[in-house]
Amino acid sequence: MKDQLLSLFEQAIAQLKTDKVVPVEHEVNVQFERTRQKDHGDFATNVAMTLAKPARRNPRELAELIVAALPQDSLITKVDIAGPGFINLFLAQDARYSVLSTVFAQGDVYGLGEPNSKQKIMVEFVSANPTGPLHVGHGRGAAYGDALARILTAAGNTVEREYYVNDAGRQMDILAVSVWIRYLQANDVAIELPDNCYKGDYVVGMGQQLQQQHGATYLVPSEQLEQACAGLELEEALDAIISLAKNQLGTEGFDVFFALALNSILDDIRQDLSEFGVDYDTWFSERSLFDSGKIQRAIEKLKASGDVYDKDGALWFKTTDYGDEKDRVVVRDNGQPTYFASDIAYHMDKLERGFDLAINVWGSDHHGYIPRVKASLQALGLDSDKLKVLLVQFAVLYRGGEKVGMSTRSGEFVTLRELRDEVGSDAARFFYAQRKSEQHMDFDLDLAKSQSNDNPMYYVQYAHARICRIFDTAAEREIDTSDIANANFAELDSDHESTLLTLLQRFPEIVQTAANNYEPHQITYYLRDLATAFHSYYNTVKFLEAETAQRNAMLALSHACRQVLKNGLGIIGVGAPNSM
RNA sequence: GUGCCCGUAGCUCAACUGGAUAGAGCAACGGCCUUCUAAGCCGUAGGUUACAGGUUCGAGUCCUGUCGGGCGCGCCA
């Protein structure tokens, strides 16, 4: 549609160039937009305004010249010049009806791009540390990342979803020790769980499970623990307990706790996300980067390129050469690589896997981290533009007007599962997907739970279910709907009908812009608009009681609406029920 | 202190990425069920887009400053 209009305007402007109204060398970029108001026609363009200066004419005068030079075409019935120099285009009715045939012909793929016709894209999202269940804060990243992946797929890209598992580092040792202490408690050892351990109930359960499996095999007297921590500050005491556990239990013994904690939490996360409608292609282990030597390889490459230097016994990466605020440590003075070292290797590996684009969906608290990751890719000779980091603002949770804490260690948080149980996965997804990712967001748990019916998702689904009901009733009344695709669409001449036709026509454009801008919320707003237009239409007339020709045309339009509602809901990962 | 993000109706958010008279949903008020689902429809009310300048045909959107909020600024992950 837009392409046709574009070619008409390009012809007109070429004409103006030969007439020397517009400087020949001036590059002209014609842009069309859907109008907001009906009396502005279907499309509008501002070319006359953008060309006014180079052509040294006032915009309205220029608009008249453009319109005069516009070739005749059956697509357009009327052209207006309005306001400061907008050119408004009114489409012919036939052009509006064509969308119905298209929807009938394409069905479930209407609005979607040619599959696998574009880029190969990886979307990495959630990637929460496997130290506890996902909380509602992760829910936003999950809903956003998955909707984004679906939208990019819908737009014609080939998409892989990846979860980066941070299964290395001190946090995991703390988790293992937390489980161990709960295990000791289950064995009636008199010991308190330190404040800086993981305090969630799930840790208690894991301790009890290991107590049942292994009995007293891994006991250490509480006096030894007290002795190890004596006189130490909180974090240092915790490190002392970790060393003690590793020494006393040995690598294998410690790994019993470590492995159980990691595996059961990861299983829980995987299942949780799957029930949320989010399934990954790959779960990428941070530890595998050590085992495969990729971290070592990345460091060697940086050494070879001269981007690292020694200072204070540690190995530093000169990220300031690439615009970072300060240089960063890659290998600590104790020989241990930092988390940053893992991330360098991880992102190197990611780009080497051959994606045209790698998208990271990160919580906004990681924004300071972007320059150094980009720096590392550049230093490694990779194209850092292929990495796109999208930030998702954390939702601030409220319960009873009070802010709710979200710390995993303290154990005070609302889990994603809890939210799903209360409001349902679909409603939760829709709620999250409604918000632009960088927008700060207040999440009132009481509201989300108690008034789940106010979720706009139900409004959209209801439109879908209503249409299904119409067809069910038609079948009960033995009304033949098998040939509605060939109805006389010219019957559809009311305002409601033309609004709906325009909306249906816009759907493919919405999918593309949502994909180009990484904005799933555009789909939700579009669906709400479509549902509103349909509900309104529904209330004006009884479809099944109209005379045959009109009835079939209205049913055709309804069918197309149902199809697009279904396709759109699918794109954000929400179901389209046939009845409610 | 400094860097990034944000500030739009009473509340939660949009605004086609610089376009025409800033729009929805909750909440409030008034109407509409004997008919294909009232989880719906129709209407009323609600705004100096935090504030002050600037850029241009045109600014909620871009630039500068001020105020207010969130986050970051580790040899943590």
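Quick notes
- HN-Hα J in Hz across the stretch A:10-21 - Karplus 6.51, -1.76, 1.60, θ = phi - 60°, x for Gly and Pro: 5, 4, 4, 6, 4, 4, 5, 5, 5, 7, 6, 7
- Beta bridges by DSSP in chain A, antiparallel share as percent, to the nearest 5: 50 percent
- For the stretch A:2-91, relative contact order (Cα pairs under 8 Å, six or more residues apart, normalised by length) works out to 30 percent.
- Semi-axes of the equivalent ellipsoid for the stretch A:226-326, Cα gyration tensor, largest first, Å: 32, 27, 15
- Surface accessible to a 1.4 Å probe, residue A:61 within the full protein complex, Å²: 80 Å²
- Protein accessible area in the stretch A:2-91, 1.4 Å probe - carbon and sulfur %: 46 percent
- Residue ranking by accessible heavy-atom surface, 1.4 Å probe, largest first, among A:2, A:53 comes out as A:53, A:2.
- Listed by chain and number, the lysines whose C-alpha is less than 20 Å from the C-alpha of residue A:388, apart from same-chain residues fewer than 8 away, are A:118, A:120, A:350, A:374, A:436.
- For the stretch A:143-276, relative contact order (Cα pairs under 8 Å, six or more residues apart, normalised by length) works out to 25 percent.
- Viscosity 1.002 mPa s, 20 °C: Kirkwood-radius Stokes-Einstein D of chain A over Cα pairs, µm²/s: 76 µm²/s
- Cα-based equivalent ellipsoid, the stretch A:85-153: semi-axes from gyration tensor eigenvalues, Å: 40, 17, 13
- Computed from label points 7 Å out along Cα-Cβ, the spacing between residue A:541 and residue A:290 is 7.0 nm.
- Accessible surface for chain A, divided over its residues, is 45 Å² per residue with a 1.4 Å probe.
- For the stretch A:471-580, the share of accessible area belonging to carbon and sulfur comes to 43 percent (1.4 Å probe, ligands and nucleic acids excluded).
- The solvent-accessible area of residue A:440, taken with every protein chain present and a 1.4 Å probe, is close to 130 Å².
- Accessible surface for residue A:422 stands near 100 Å², nearest 10, in the context of the full protein assembly shown (1.4 Å probe).
- Volume per residue that the Cα convex hull of the stretch A:28-75 spans, once the total is divided by residue count, Å³: 96 Å³
- Bridgeable aspartates and glutamates around residue A:17 (alpha carbons under 13 Å apart, same-chain partners fewer than 8 residues away excluded): A:25, A:27.
- Summarising the amide proton neighbourhood of residue A:164: residues at separation of 5 or more, or on other chains, whose placed amide H is nearer than 5 Å comprise A:125, A:127, A:284.
- For the stretch A:520-531, Karplus couplings with θ = phi - 60° (6.51, -1.76, 1.60), whole Hz, Gly/Pro x: x, 5, 4, 5, 5, 5, 4, 4, 5, 4, 5, 4
- Largest-first principal axis extents, alpha carbons of the stretch A:7-92, Å: 35, 25, 18
- The per residue volume of the convex hull around the alpha-carbon atoms of the stretch A:495-580 is 93 Å³.
- Here the scattering of the stretch A:279-392 is modelled by Debye summation over its C-alpha atoms, one equal scatterer each and no solvent; at q = 0.09, 0.11, 0.19, 0.21 Å⁻¹ the log10 of I(q)/I(0) is -0.23, -0.34, -1.05, -1.28.
- Amide H partners (placed H, <5 Å) of residue A:81, local residues excluded: A:88
- Calculated over the stretch A:178-273, the projected area of the Cα convex hull averaged across directions stands at 6.2 nm².
- Hits among lysines - C-alpha to C-alpha of residue A:38 under 21 Å, sequence gap 8 or more where chains match: A:2, A:78
- For chain A, the relative contact order is 16 percent, taking Cα pairs closer than 8 Å that sit 6 or more residues apart in sequence and dividing their mean separation by the residue count.
- Long-range Cα-Cα pairs in the stretch A:409-564 (distance over 29 Å), rounded percent: 33 percent
- Residue-by-residue Karplus 3J(HN,Hα) for the stretch A:32-43, coefficients 6.51, -1.76, 1.60, Hz, glycine and proline x: 10, 9, 5, 7, 8, 10, 4, 6, 9, x, 9, 10
The values are calculated or read from the model by the stated rules, or taken from the named source; none is laboratory data. Bear in mind that the values here come from a model prediction, so they are computed numbers and not experimental data. Virtual Cβ from ideal backbone geometry, glycine too; neighbours counted across all protein chains shown. To get the accessible areas, we keep the full protein, side chains included, count just its heavy atoms, and leave off ligands, DNA and RNA. Shrake-Rupley method; radii C 1.70, N 1.55, O 1.52, S 1.80 Å.
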